[in-house]
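The values are calculated or read from the model by the stated rules, or taken from the named source; none is laboratory data. Bear in mind the structure is a predicted one, so any value in this text is a computation, not a measurement. Cβ placement follows ideal geometry from the backbone for every residue including glycine, while neighbour counts extend to all protein chains displayed.
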Amino acid sequence: MPRFIAVVLLLLLSWPAFGASFPPAELLQELSQRLSKPAECQPHCATIQHLEIKAGAEQIQMQLEVYAGDQSAIPLPVKEGQWWPAEYRLDGDSNPVLMRDSQGILWILVSEGQHLLELSGPTSVRSQLDLPLPLSPARIKVISEEWVVNGLDENGVPEQQLQLIRKKQVEAGSGESLEPGVLPPLLEVTRILHFGIEWSVDTHIRRISPPGSPVTLNLALLPGEAVITSGLEVDSGSLQLRLPANQSELTFTSKITPVEQIILSASDDKRLSEKWQLDVGPVWHIDFEGLPVIHHQDSSGAWLPTWAPWPGEEVNVNISRPIAKKGNLLTIDKSMLEVTPGRRVTDSKLSFELRASRGGQHKIQLPSGAVLRSVKIDGVAQPVRQSGGTVSIPVRPGKQKVELNWRNEQGIGLVYQTPAVDLGVESVNHSIQVKPGEDRWTLFLFGPSMGPAVLFWSMMVIVVLLAFILARIGTTPLKWYHWLLLGIGLTQASLFGAVIIVAWLLVVGQRDQIATSLENDNIYNLTQVAIVILTVMALQSLFDAIRFGLLGLPEMQIEGNHSSSQVLKWYLDRAGMVPDSSTLISVPLLYDRLAMLAWALWLAFALLGWLKWSWRVFERHGFWKRSGPVLKIRLRRKNAPTDDKDKDPQ
């Protein structure tokens, strides 16, 4: 028993020390955090469940059903300069706690629970009131016969603001009264109608007046116009637009159904300044009547008729699509046929540029006996095969370059005609190019008017005339046929060499007359020297003519359309489905060699006779004459006196 009493006394003595350590600091801190923890509903503890507005001609009353999950401050749907309440009642209390912040928003303090807030105040003389909704109600009901409300959908769900517009303007005296506050809004509405494959409308709304107040307006749409920009509300053919106070521009796009007539009518809303523009594609034709155009072109020079109507003005636009003229779906803008005939085969290449408005197959008919070797489209080889004499080319819309190569087992002959190719459609800018080769002697050419010509035969006419004229002079032993044969051969020589040869023969023929007419021996000797030099030059020219004729290519003087003896070019500005062909008459080069060999042999025999004749003429009257006065002067100088006394006193 004494031991039990001792334990009890010990516990009683230690009780104050144990009580001093409870509650611990951690427990106190946790309790403090729980007590100071914000409500779970923050920051949205208050909501406006319902807002009822009764708007009369001079008075507006609002009833707000507010629910707060905690003590909160809620912003009110009022704005200074638009509408400001004169009375406030919160659950019947006419002195609620109110506060206005630096942005002009009016706040009211509500406790936790459900409350009824009543606001009322005059409307002044304004014809339009913009009511902000900083805390959007779940549902709004407006009761009014004097005002039109914008900013509510059919279920009463509001947008960011409400706009009340009087049905009738408030009259003050005999005229309209000026409303106090900011300037009324002014908007520029630009509508660009695009008439292309699809019709569309781009509408751009720009605020002209200073920002600061929201704007709500109804913009009438065109018949059949459907807005495709998201976030916009359309009701009964009108677009409900709301431009917040800090927004200056708004753009949306819509589609319209193609019709034959569109009536553009300007709105009667004085807040709008409209502008209409028509962007018409090439497939449409328009006529308009009514309001005159203010601009026909834009800044870049493109046709863009523009109107700037006043309220109520109209423009009737009649749209029609021109009837398409029947024509080809495929056009060949340029084609070239290149032909390289050989002894046994002929290689041909047809290249052309085509434009097609629709894809498909285009058929080319090759000449008889042609064997297709390759087909390229835009430089890329294509696996196209030949079916008989027809080649089907795959065509896509747009431009293409096509190249066909084929071979005929037929070489060049005396008369050669370029192959006839059926292009399948009429073409323009058709060219023919023939490369006869260096082993052919071209005699005649036939084909389109713009092409090469053999000028050799025209030159032969001149040679024949000159042969008769030179034979008529009669100072040389050459007959007209001698001159003719000589002229034929000299057509293959240079013009300078031919002139030297003819001049040599004429000078030698006139040598007797020249010698007898010269009285001065020095001039006679100079004439002899000139004849010798001319003879050497003539012989060199004859040698060159023979060398060029036997070793060179025949010079047939082929000119026209940048042609030569090796490349013959013809051109047609317009060609049918089967372009005209060209004809070439030629013989192997061996015939030219034989002809020039015969001419060279004739010239060799004839030249022997001409040289004998020229020698007889040259030696007649002496090869060289010694001048007497010159000899006497030389002797006198040789026998001149050495002393002064022997000198002539004169």
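Residues in the range 364-399 that are of a type in the set (A, V, I, L, M) and either out of contact with any strand residue (DSSP E or B) (no Cβ under 9 Å at 6 or more places or on another chain) or surrounded by 15 or more Cβ atoms within 10 Å (Cβ to Cβ) (or both): ILE364, LEU366, ALA370, LEU372, VAL375, ILE377, VAL380, VAL384, VAL391, ILE393, VAL395. Got at least one residue in the range 413-420 being over 16 Å from ASP580 (Cβ atoms), in a loop (DSSP other than H, G, I, E, B) and in contact with a strand residue (DSSP E or B) (Cβ under 8 Å, 6 or more places away or on another chain)? Yes, the range 413-420 contains at least one residue that is over 16 Å from ASP580 (Cβ atoms), in a loop (DSSP other than H, G, I, E, B) and in contact with a strand residue (DSSP E or B) (Cβ under 8 Å, 6 or more places away or on another chain). Reported count of residues in the range 406-443, each being touching a helix residue (DSSP H, G or I) at 6+ places or on another chain (Cβ under 7 Å) and farther than 15 Å from GLY342 by Cβ, is 1. The single residue among ILE533, ILE523 that is over 23 Å from SER458 (Cα atoms) and at pLDDT below 85 turns out to be ILE523. The set of residues in the range 98-117 being closer than 29 Å to GLU146 by Cα and either touching a Gly at 6+ places or on another chain (Cβ under 9 Å) or not in a strand (DSSP E or B) (or both) consists of GLY104, ILE105, LEU116. Residue-level check: of (1) surrounded by 12 or more Cβ atoms within 10 Å (Cβ to Cβ); (2) part of a strand (DSSP E or B), GLN361 misses just (1). The set of residues in the range 282-322 being free of Cβ contacts under 8 Å to residues at least 40 places away in the same chain, within 23 Å of the chain's Cα centre (by Cα) and part of a loop (DSSP other than H, G, I, E, B) consists of PRO282, ASP298, SER299, SER300, GLY301, ALA302. Of the residues making up the range 240-270, those that are assigned to a strand (DSSP E or B) and either of a type in the set (Val, Ile, Thr) or at positive phi (or both) are THR251, THR253, ILE262, ILE263.
Against the definition (surrounded by 14 or more Cβ atoms within 10 Å (Cβ to Cβ) and touching a residue at least 60 places away in the same chain (Cβ under 8 Å)), how does ALA420 come out, yes or no? Yes, satisfied.
Within the range 64-98, the set of residues being among the hydrophobic types (A, V, I, L, M, F, W, C) and either touching an Asp or Glu at 6+ places or on another chain (Cβ under 8 Å) or surrounded by 11 or more Cβ atoms within 10 Å (Cβ to Cβ) (or both) comprises LEU64, VAL66, ALA68, ALA73, ILE74, LEU76, VAL78, TRP83, TRP84, LEU90, VAL97, LEU98.
With the requirement that a residue be within 17 Å of ALA57 (Cα to Cα), outside any loop (DSSP other than H, G, I, E, B) and at pLDDT 70 or above, what does the range 163-195 give you? Of everything in the range 163-195, those that are within 17 Å of ALA57 (Cα to Cα), outside any loop (DSSP other than H, G, I, E, B) and at pLDDT 70 or above turn out to be GLN163, LEU164, ILE165, ARG166. Residues that are modelled with pLDDT of 90 or more, more than 20 Å from ASN316 (Cα to Cα) and touching a Lys or Arg at 6+ places or on another chain (Cβ under 7 Å) occur at least once in the range 239-249. Being assigned to a helix (DSSP H, G or I) and in contact with a Gly (Cβ under 6 Å, 6 or more places away or on another chain) is a condition met by at least one residue of the range 455-466. The residues listed here are SER144, SER111; of these, the one that is surrounded by fewer than 18 Cβ atoms within 10 Å (Cβ to Cβ), more than 22 Å from SER236 (Cβ to Cβ) and either in the same structural domain as GLY81 (by TED's automatic domain parsing) or in contact with a helix residue (DSSP H, G or I) (Cβ under 9 Å, 6 or more places away or on another chain) (or both) is SER111. Taking the range 264-289 as the range and being in contact with a Pro (Cβ under 6 Å, 6 or more places away or on another chain) and closer than 15 Å to ASN318 by Cβ as the test, the residues that pass are LEU278, HIS285.
Every condition in (1) in the same structural domain as HIS362 (by TED's automatic domain parsing); (2) surrounded by 14 or more Cβ atoms within 10 Å (Cβ to Cβ); (3) not small (Gly, Ala, Ser) is met by ILE432 except one, and the failing one is (1). Do we find that PRO77 is more than 18 Å from VAL148 (Cα to Cα) and outside any strand (DSSP E or B) in this structure? In short, no. Residue by residue through the range 547-564, note down the ones that are part of a helix (DSSP H, G or I) and closer than 13 Å to THR491 by Cβ. Result: PHE548, GLY549. Here ASP347 meets the list (1) buried (at least 17 other Cβ atoms within 10 Å of the Cβ); (2) in the same structural domain as LEU366 (by TED's automatic domain parsing) almost entirely, failing just condition (1).
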